[in-house]
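> Got a structure here, written out as structure tokens. Questions coming.
The values are calculated or read from the model by the stated rules, or taken from the named source; none is laboratory data. Predicted, not measured: the structure shown is a model, and the values here were computed from it. Ligands, DNA and RNA are excluded from the accessible area calculation, which covers all protein heavy atoms including side chains. Shrake-Rupley method; radii C 1.70, N 1.55, O 1.52, S 1.80 Å.
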Amino acid sequence: MDFAIAFAVLFLMWVAFSAPLKGNFGEGTVAHHLKTLPSNKYIVFNDVMVKTGRGSTQIDHIVVSQYGIFVIETKNIQGNIIGKYKSENWIKSYHGRNYEFFNPIIQNQGHINALCHKLNLPASKFISIIVFSVRGRLLLSQMPVPVVYTTQVAGRIKCYRDVKLTVAQVNEIAGRIKKLKTYKEVSNRQHIQDVKKSVAEKNRKIASGICPRCGGRLVSRHSQYGEFLGCSNYPKCNYTKNK
């Protein structure tokens, strides 16, 4: 095979597989740190797929304890991480270029909502934690949800000491989550299809001038940073999108 053709093939393979591999590496690093939690107090689950009314959702990590059910979203992102609590998207700034990604706090709240329904538990029993790779630099402020580095996740979980569940409840919940992992309701292939469908539906609504979060009308607004789309139901709905 010609060298140029071989190089092109290898490059395309790298593009296709680098993003999933980076994500898996980040999740593996967090899983390693979660192993340091005392096994007699914390039960750890990694990569849990949950079926929802709109398709499916993949949860990176769940830690069940008397102090609550910790739902952890992992991001293996390099560069400066800039974002606000209620913004639809956050920004990764790397080598002078900006890239948008979905707000992980909103994303993880969707995971918690799915678990509330699946386990028939109130949201008060759950604790959301967002974890970023140490390769990223967090430039965030006033975050009501913990946003930490991989090396800090176990320590942050140990900070919670208020008892929310009995030992019997912990064991019962852990047993139900174990069944979710053992008897998969959704295949990885189906989950990918569900994600594509969800993104397509969101883009369709935005193109039609409909807020994908609450169904309100999208209107043009101005700020010191330029023009953007905002929901007409503001301040009840804080959805925004850059033009």
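> Does residue 154 fit the bill of being open to solvent by less than 80 Å² (accessible area, probe 1.4 Å), in a helix (DSSP H, G or I) and at pLDDT 85 or above?
Yes, satisfied.
> Additional query: Are any of the residues in the range 124-138 modelled with pLDDT of 95 or more, assigned to a helix (DSSP H, G or I), open to solvent by less than 80 Å² (accessible area, probe 1.4 Å) and of a type in the set (A, V, I, L, M)?
So far as the range 124-138 goes, no, none of its residues is modelled with pLDDT of 95 or more, assigned to a helix (DSSP H, G or I), open to solvent by less than 80 Å² (accessible area, probe 1.4 Å) and of a type in the set (A, V, I, L, M).
> Next question, about the same structure. Consider residue 185 against the criteria (1) modelled with pLDDT of 95 or more; (2) outside any helix (DSSP H, G or I): it satisfies all of them except one. Which criterion is unmet?
(1) is the only condition that residue 185 fails.
> Out of the residues in the range 188-243 that are among the acidic types (Asp, Glu) and at pLDDT below 80, which is most open to solvent (accessible area, probe 1.4 Å)?
That would be 201.
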